[in-house]
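The values are calculated or read from the model by the stated rules, or taken from the named source; none is laboratory data. The structure displayed is predicted, hence computed values, not measured ones. A quick note on method: Cβ atoms are made from the backbone with ideal geometry, for glycine too, and the neighbour counts reach across all protein chains shown.
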């Protein structure tokens, strides 16, 4: 990859194969009642996935610039259990659940910091596409980095 250096996540860290990103619920994330608007959980999940990739050494901008490969969300399933509220400190936990030919599975939970149970669970399939929007295999450079942190083993 190029000479650009990946910057580590400001508020994220790896723990037992799971990436943890800390975030705060801001006013902009909530509805009029101070509860996180349902669609904003996808934004928290996206940030968690992005910081996970950054921390394992995958630069999405370099991947697109140099190899013409892009990650897209093919599918997401969200299970809402409890709401997050204005000013809550959150932990977004991200782990790779499996790697297939042209995609990988990501499991994420969003919880209040320090809590034993999660508020929301997000399971996503991330597909790899080329510049023309066609599916391509997960690049070997990416697969090797994900394999080191894959919670379920490659499939």
**OP:** Select from segment 123-136 the residues that are touching a residue at least 24 places away in the same chain (Cβ under 8 Å) and in a loop (DSSP other than H, G, I, E, B) and write down the one among them that is surrounded by the most Cβ atoms within 10 Å (Cβ to Cβ).
**Re:** 136
Original post:
Restricting to segment 60-79, what's the tally of residues that are touching a residue at least 12 places away in the same chain (Cβ under 8 Å) and either within 19 Å of residue 124 (Cα to Cα) or within 12 Å of the chain's Cα centre (by Cα) (or both)?
Top reply: 11
Original post:
residue 13: in contact with a strand residue (DSSP E or B) (Cβ under 7 Å, 6 or more places away or on another chain), at pLDDT 95 or above and outside any loop (DSSP other than H, G, I, E, B), yes or no?
Top reply: no
Subject >> Checking residue 84 against (1) farther than 25 Å from residue 136 by Cβ; (2) surrounded by fewer than 14 Cβ atoms within 10 Å (Cβ to Cβ); (3) free of Cβ contacts under 8 Å to residues at least 60 places away in the same chain, the condition it does not meet >> reply: (2)
Original post:
Any idea which residue in segment 19-32 is nearest to residue 130 (Cα to Cα), counting only those that are more than 14 Å from the chain's Cα centre (by Cα) and surrounded by 16 or more Cβ atoms within 10 Å (Cβ to Cβ)?
Top reply: 29
Original post:
Looking at segment 33-59, which of the residues that are without any contact (Cβ under 8 Å) to a residue 40 or more places away in the chain and assigned to a helix (DSSP H, G or I) is surrounded by the fewest Cβ atoms within 10 Å (Cβ to Cβ)?
Top reply: 43
